[in-house]
Amino acid sequence: MKIAVIGTGYVGLVSGACFADSGNDVTCVDIDMAKIEGLLQGRIPIYEPGLTELVVKNTAAGRLHFTTDLDVAVQPAQLAYLAVGTPPAADGSADLSALDTVVDGIAPHLNERAIVVTKSTVPVGTNARIGRRLKQLTGHDCDVASNPEFLKEGAAINDFMMPDRVVVGVRRDEVAEVLRELYAPFLRTEHPFLVMSPESAELTKYVANALLSTKISFINEMANVCEAVGGDINDVRRGIGHDSRIGFAFLFPGVGYGGSCFPKDVRALAAMAREHGIAPRLLLAVDRVNQQQKNVLGAKIERHFGGQLDGRKIAVWGLAFKARTDDIREAPAIVLVEQLVEQGAHLTVYDPEAMENVRRRFGDRLTYANRPLDAIEGADALAIMTEWGDFRHPDLDVMRQRMASPVIFDGRNLYEPRDMQRHGFTYHSIGRSPVRPADGCDAGPVDPTWPNERAPT
Ligand SMILES: NC(=O)c1ccc[n+]([C@@H]2O[C@H](COP(=O)([O-])OP(=O)(O)OC[C@H]3O[C@@H](n4cnc5c(N)ncnc54)[C@H](O)[C@@H]3O)[C@@H](O)[C@H]2O)c1
């Protein structure tokens with residue numbers, strides 16, 4: 001099939017490359033000239049495992065093209081995929097201005113039988129509205145389908161190539177059949193192709209993200225309870241996860257969810273509910289818990305240093321909102337960095353992939369390290385904010401020697417408190433009692449009245 005993908009970001013570029021890889025002729029369009037010029041020279045604007053190889057291979061095979069010219073892409077297309085961003089507006093609702101611009105832009109170029117497919121996450125009723133607008137502009141009925149995307153950054157190619165399910169929202173069976181054919185190569189494992197109304201498809205995407213966000217906020221709140229009452233959230237997690245009604249997925253305590261989707265989609269769903277007279281009590285709580293969770297590690301650091309952060313040397317490992325991506329949108333690490341810099345701390349930061357994005361945002365307010373161990377040289381403390389594999393098995397003895405004082409604030413529970421204690425660290429994590437270095441035998445959990453915990457040397 002001839003496909004135009006409009007918006008060449010995380011979703012558009014991955015979708016375009018995967019559709020091309022299954023034999024379609026795909027042209028990706030973007031208004032960002034620098035991005036398209038880079039892609040034409042084989043430079044991939046984002047870090048996503050496997051994406052470079054896929055783009056290079058399909059471009060060389062002549063199946064994947066890039067342009068800033070809507071006309072060139074849309075005029076011959078049987079399918080015009082909309083994949084531009086739908087960021088949050090000031091009131092939390094989805095800002096559809098980029099999408100509206102694209103709809104108006106493609107109208108004069110669409111061939112009469114083309115199907116417009118919305119991959120961007122959009123509020124219920126948007127596909128119907130696009131249909132009405134296109135009819136107004138073209139003078140004829142246009143097929144508009146919803147095809148929400150469920151890929152995860154960091155595993156996007158795999159998720160796209162082997163989706164748990166494909167959801168399409170259509171008004172006519174014929175449109176569903178075209179999309180079923182398009183997706184057939186990706187559903188050989190018998191995962192379902194689910195056909196529903198555009199409204200249900202639009203809502204499915206929001207409900208999926210809202211439920212995943214709810215699980216994260218729930219386990220984070222329980223982690224805070226655990227810590228307050230003297231439990232260990234990892235044990236509790238094991239205790240509940242084996243219940244087949246509960247399971248383990250998405251119940252990892254941490255420093256809150258970030259990224260371009262969960263925060264904005266929870267807020268947009270809440271705005272949608274409110275607009276229709278439903279009080280989104282749970283959604284608002286999920287969002288509030290998450291925002292507060294992003295402050296939890298900063299508060300621990302502040303407490304540890306007795307509120308005196310001015311001049312403290314703190315290392316931060318992990319800046320991306322999660323591992324295997326360079327995306328820092330709404331990342332918990334960014335909140336922490338802002339907080340610590342504000343209070344006068346000197347930060348040296350390291351992330352395997354997100355350094356460029358962070359440098360663009362913070363400039364010379366931070367020191368940038370090339371390796372994790374360089375970041376902790378002479379540090380008064382280390383904060384870990386992203387669960388990169390690189391951080392999971394460090395040489396703890398070398399770390400202790402390099403740091404000015406061996407104190408770790410682990411926002412991802414990467415280590416076992418007992419190990420850290422044995423290696424001479426004061427170790428704070430999420431939902432577990434802090435531990436201080438063992439002096440000889442088992443020192444047990446930290447006594448909160450222990451002076452060094454409140455006012456370190
Ligand atoms: N990132 C994810 O993990 C993910 C997953 C599922 C769904 N989504 C949804 O997919 C949509 C896109 O998200 P993303 O993360 O890929 O966004 P993104 O910001 O990475 O990419 C959007 C792209 O659209 C381009 N663009 C904006 N206006 C344009 C115009 N008028 N013409 C052509 N191009 C234009 C931008 O330059 C940018 O390259 C959003 O609705 C998002 O909620 C994202």
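Taken together, the values in this text are just the output of simple stated rules run on the coordinates, not laboratory data. Only a predicted model underlies this, so the values are computations on that prediction, with no experimental measurement involved. Here the Cβ positions follow ideal geometry from the backbone for every residue, glycine too, while neighbour counts run over all protein chains shown.
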#### Entry: Positive dipole terminus of segment 219-299, leading residue within M272, A299, V255 (C-beta point charges)
M272
### Task
Enumerate by residue number the GluC sites (Glu not before Pro) in segment 136-217 meeting two conditions: DSSP loop (anything except H, G, I, E, B), and at most 12 other Cβ atoms within 10 Å of the site's Cβ.
E190
### Task
Under a cut-off of 19 Å between alpha-carbon atoms, report the lysines in cross-link reach of K215, not counting same-chain residues fewer than 8 places apart.
K152, K205, K264, K294, K322
### Exposed trypsin sites (Lys or Arg not before Pro) absent: longest stretch of the chain, with sites in DSSP loops and at most 16 other Cβ within 10 Å deemed exposed
246-391
### Message
Give me P(r) over segment 256-366, computed from all C-alpha to C-alpha distances, binned every 10 Å, as integer percentages.
### Response
14, 38, 29, 14, 4, 0
### Query
Is segment 135-222 best put as rounded, prolate or oblate by its Cα gyration tensor, with a ≥ b ≥ c the root eigenvalues, rounded for a/c under 1.5, and otherwise prolate when a/b is larger than b/c, oblate when not?
oblate
### Query
For the chain, taking Cα atoms only, what is the radius of gyration to one decimal and the Dmax to the nearest whole Å?
24.3, 83
### Query
Taking amide H positions as placed 1.01 Å from N in the peptide plane, with prolines and chain starts having none, which residues 5 or more places from D143, or on another chain, fall under 5 Å of its amide H?
V116
### Message
Just to check I understand the Karplus step: with θ = phi - 60° and J = 6.51 cos²θ - 1.76 cosθ + 1.60, what whole-Hz values come out for segment 57-65, glycine and proline as x?
### Response
4, 7, 5, 5, 7, x, 9, 10, 10
### Query
What list do you get for L373, L340 if you sort them by fewest beta carbons within 10 Å?
L373, L340
### Message
Under 5 Å between amide hydrogens, which residues at least 5 positions from F66 or on another chain qualify, with H placed 1.01 Å from N in the peptide plane?
### Response
C28
